[in-house]
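Have a look at the structure below, then the notes.
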Amino acid sequence: MKTVGIAGIGLVAPGIECWDSGRDLLASGGHYEISAEFPVLRPSSLSGNERRRTTDTIKLALQCAQDAMADQSVVGVSDPELTSVFACSSGDLNIVDRILSTLTMPGKPVSPTHFHNSVHNAPAGYWSIASGSQAPTTSIAAGEGTFSAGLLEAITQILADDHPVLLIVYDALPPAVLLKHRKITVAFGVAILLVPEKTKYSLSVIIHDGEACCSKMINPGFERLRQANPAAQCLPLLQNLALQQSTSLKFPYLQGQGLVLDLTINE
Amino acid sequence: MKGGIAGSVPFRQKNLIKQQMNKNISLTAFTVTTALGAGLSPNREALKQSRTGLKKNGFAGIEFDTYIGQVDGVDDVILPEEQADFNCRNNRLAELSLRQDGIFDAIDELKVRYGANRIGLFIGTSTSGIQQTEMAYAMRASETDELPAWFKYETTHDVFSPATFLVNRLGLCGPSQIISTACSSSARVFAAAARHIHAGLCDAAIVGGVDSLCQTTLYGFNALQLVSNKLCCPADVDRDGINIGEAAGFVLLEKGHQENALSLLGVGESSDAWHMSSPHPQGEGAVQAMQQALTRANLEPAQIDYINLHGTATPVNDFTEDQAMMTVFSGNNPCSSTKGFTGHTLGAAGIVGAVFSCLFIEENLLPISLNTQRIDSKIHSNIMLEANSETKSEIDIVMSNCFGFGGSNASLIIGRPT
């Protein structure tokens, strides 16, 4: 498939509040603990009032998105051509927990705010409201292959319409009662601004038939992080971006298929 | 270099001319299962005879009065043993729909023609199998807080469950994604499938939608005061909300012009950027979706023979959609909502609208706005109250609208190849 350019990265993970700090940590090869404190989520794109009404899942996605768009020289958040792809494997299970708990109570008094925040595209809705852009956003899921599916969706959009796409891949920590059934043990979010033009960083992907064994992290702390959240499958890509290394990487996609990604650092 | 890592790339050149990428995608088979019945035949007959599938609420656990569009026989469906772990109302409904209209055979033929790894799967749902988790919460052990041992989250409630079920059930291994953009979910699957075909990732695709009745959506919409306790009546002066329905449907898409097949002429997508649960007051996002679909299809508004409205029958939706319709179509083209037949089937509304559009073209049929007695004087579109009252010689090109929470909009144009 066509080669696209990377023009911005956003990152939120335990002990990492933005791409700047994540890049330094990934490049240094230093010690990393998955149990590091999770950053306080305070996306400035939401008003204080909105922040109170939204959930950690929504705040996680928006904080990544705005980190990738910070100081952008290529495209502005309100650019009518900038579309977005929100990819998340499990949606907002904390809101699901609150609604389903309410349904076991007399009168089943479901909160209207909880209900409209429960849709899978709630982060995309808040993002479009915050950016003021009426460009399309989509919200998808593909289990453990959610990062790969999001990347493919974003690249097919660039191929079709030759415009920039902001990809946001994230999963929040489920509530205790559901954690046993959906093993996402830390929250993690990443955003990648992809553009049709050549930038310093080019990537291209192909679908690989057969189980592609996926690229792993050498650092044990980061490898634990990669395995703890479907969105964190992107870590090998982020590490090579941080190290400025051209490379070929494999990512899990669907059963019987993987994704091969070639990253080129253009001098 | 915070965030931005592009270096010195000049501000990008605007390229507002959209490619007509959808022009050569054919709809080679389709089916739908709604409250009107399983498969095309009962749906076709009910639409012709202006007969509703809505019934007074009898769904388990619902303690308020409303009408619902429940599909009969969903609980009698038994999934094959190999897919037993996927058993939930949503996947049973998908299975029921798959068993209609020779869709299994059509998919087998597709696999022979293209190979199982060249067929994409793009499915829309809003709540997947959440009813399974509702039942698990109701049986939660008070001492330990644990959910019962029978509960299987990943194969039932997880957003990706319908896709994993279908991939297993149909023996597919091509690109696959679930789209969950509330009530526009299974309209947007057409755009994603077209893009994947265009990019060469697959040669054909199964697109579809499945959303099933559950307490979460019934109580959720009720909390937002959007549910009517009478039969929903789109565009009526006395309309006061939706009736929630369930549905499943599938369309097979193939690249190129296929003999005797309808074409996906255009898809438009947009965001309202306005409010999470109310549409833009002037329908700006809806206008953009409809205009983009027309641009991609290279069609003038006058060439659209009929528009299947989103028409949920809430006061706000029908009014703002009409404002958008008047901006795009000036009130001439015949249109109606079919929510009075099926109820609002949420994440499946897009596939219901798409398959109904195919039926309208094949049958040369324009459905009435069922249950609508007196059109709101503030609504000016050409809404059909009598069957085929506006029928031209042929219905060749139909638009179908879907607008969802989060301001997610999609318009499809399906028609005879031009």
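Send over the semi-axes of chain A's equivalent ellipsoid, whole angstrom and largest first, taken as the square roots of 5 times the C-alpha gyration tensor eigenvalues.
29, 22, 18
With viscosity set to 0.692 mPa s at 37 °C, what whole-number translational diffusion coefficient in µm²/s follows for region B:339-387 from Stokes-Einstein and a Kirkwood radius over Cα pairs?
Stokes-Einstein gives a translational diffusion coefficient of 268 µm²/s.
Compute the distribution of all C-alpha to C-alpha distances in region A:49-193, in bins of 5 Å from 0, and list the percent of pairs in each, rounded to whole numbers.
All Cα pairs, binned at 5 Å, distribute as 2, 10, 19, 21, 19, 13, 8, 5, 2, 1, 0 percent.
Helix-only estimate, please: 222 nm mean residue ellipticity of chain B, summing -39500 (n - 2.57) across DSSP H runs of length 4 or more and dividing by its residues, to the nearest 500.
-9000 deg cm²/dmol
Could you work out the local net charge near B:Ser228, counting Lys and Arg as +1, Asp and Glu as -1, over the other residues with Cβ closer than 9 Å to its Cβ?
The answer is +1.
Would you mind checking which residues have amide H under 5 Å from B:Gly266's amide H? H placed 1.01 Å from N; only 5 or more apart, or other chain.
Amide H neighbours of B:Gly266: B:Ile413.
For B:Trp150, project a label point 7 Å along Cα to C-beta. Then give me every residue of region A:74-107 with its amide nitrogen under 19 Å of that point.
A:104
Can you compute 3J(HN,Hα) from phi for each residue in region B:123-134, using the Karplus curve 6.51 cos²θ - 1.76 cosθ + 1.60 with θ = phi - 60°, rounded to whole Hz and x for Gly and Pro?
Taking θ as phi minus 60°, the curve returns 10, x, 8, 9, 10, 6, x, 4, 4, 5, 6, 4 Hz for region B:123-134.
So what J values fall out for region A:183-199 if you push phi through Karplus, 6.51 cos²θ - 1.76 cosθ + 1.60 with θ = phi - 60°, rounded to Hz, Gly and Pro as x?
Per residue, the Karplus-derived 3J(HN,Hα) values read 7, 10, 9, 9, 7, 7, x, 9, 10, 10, 8, 10, 10, x, 7, 6, 10 Hz.
Given +1 on the Cβ of Lys and Arg, -1 on the Cβ of Asp and Glu, and no further charges, what dipole in debye does chain B carry about its Cα centre, rounded to the nearest 20? Intermediate results must be reported in sequence, preceding the final value.
On the way: 30 positive and 43 negative charges, 233 e Å.
Dipole about the Cα centre, nearest 20: 1120 debye.
Take the cross-link list B:Lys48/B:Lys230; A:Lys198/A:Lys250; B:Lys48/B:Lys111; B:Lys111/B:Lys152 and give me the ones stretching past 27 Å between alpha-carbons.
Pairs exceeding 27 Å: B:Lys48/B:Lys111; B:Lys111/B:Lys152.
Can you list the residues, at least 5 places off or on another chain, whose amide H is less than 5 Å from the amide H of B:Ile244, using H built in the peptide plane?
For B:Ile244, the qualifying residues are B:Gly69, B:His344.
When Lys and Arg each count +1 and Asp and Glu each count -1, what net charge do the other residues less than 14 Å away from A:Gly150, Cβ to Cβ, add up to?
-2
Quick check for you: which residues of region B:207-245 have the amide N under 16 Å from the point 7 Å beyond the Cα of B:Lys378 toward its beta carbon?
B:234-241
What does the charge count around B:Thr164 come to, taking other residues whose C-beta lies under 9 Å from its C-beta (Lys +1, Arg +1, Asp -1, Glu -1)?
Taking every Cβ under 9 Å from that of B:Thr164, the sum is -2.
Charges on Cβ only, +1 for Lys and Arg, -1 for Asp and Glu, centred on the Cα centroid of region B:25-415; of B:Ser180, B:Ala204, B:Asn43, which one is farthest towards the dipole's positive end?
The residue sitting farthest along the positive end of the dipole is B:Ala204.
Can you pull the one-decimal nm distance between simple spin-label points at B:Val112 and B:Arg99, each 7 Å off the Cα toward Cβ?
2.4
In sequence order, what are the phi-derived ³J(HN,Hα) couplings for region B:251-260 according to the Karplus relation 6.51 cos²θ - 1.76 cosθ + 1.60 with θ = phi - 60°, rounded to whole Hz, with x for glycine and proline?
So the Karplus estimates, Gly and Pro as x, are 10, 9, 10, 10, 5, x, 7, 9, 4, 6 Hz.
From the Cα gyration tensor of chain B, with a ≥ b ≥ c the square roots of its eigenvalues, which class applies: rounded if a/c is under 1.5, or else prolate if a/b is larger than b/c, or else oblate?
rounded
Once amide H atoms are built 1.01 Å from N in the peptide plane, which residues 5 or more positions from B:Gly120, or in another chain, come under 5 Å H to H?
B:Asp203, B:Ala204, B:Ala205, B:Ile206
Taking a virtual spin label 7 Å from the Cα of A:Gln245 along the C-beta vector, which residues in region A:16-38 bring their backbone nitrogen under 16 Å of it?
Inside the label zone: A:23-31.
Return the single residue from B:Ile397, B:Ile25, B:Ile62 with maximal mean-square fluctuation; model: Gaussian network over chain B, springs between Cα atoms under 10 Å.
B:Ile62
Write down the percent of antiparallel bridges among all DSSP beta bridges whose residues are both part of chain B, to the nearest 5.
Antiparallel bridges make up about 65 percent of those DSSP assigns within chain B.
DSSP beta bridges in the protein assembly as shown, what fraction antiparallel, as a percent rounded to 5?
Around 70 percent antiparallel, to the nearest 5.
Per DSSP H run of at least 4 residues, take -39500 (n - 2.57); add these up for chain A, divide by its residues and hand me the 222 nm value, nearest 500 deg cm²/dmol.
Helix contribution divided over all residues of chain A: -10000 deg cm²/dmol.
With equal scatterers on the alpha carbons only and no solvent term, can you work out the Debye log10 of I(q)/I(0) for region B:245-344 at 0.12, 0.19, 0.20, 0.21 1/Å?
Per q value, in the given order, log10 I(q)/I(0) is -0.47, -1.10, -1.18, -1.25.
Every number in this text was worked out from the coordinates using simple rules, so none of it is lab data. All values derive from a computational prediction rather than experimental measurement. Heads up, the Cβs are rebuilt from the backbone with ideal geometry, glycines too, and the neighbour counts pull from every protein chain shown.
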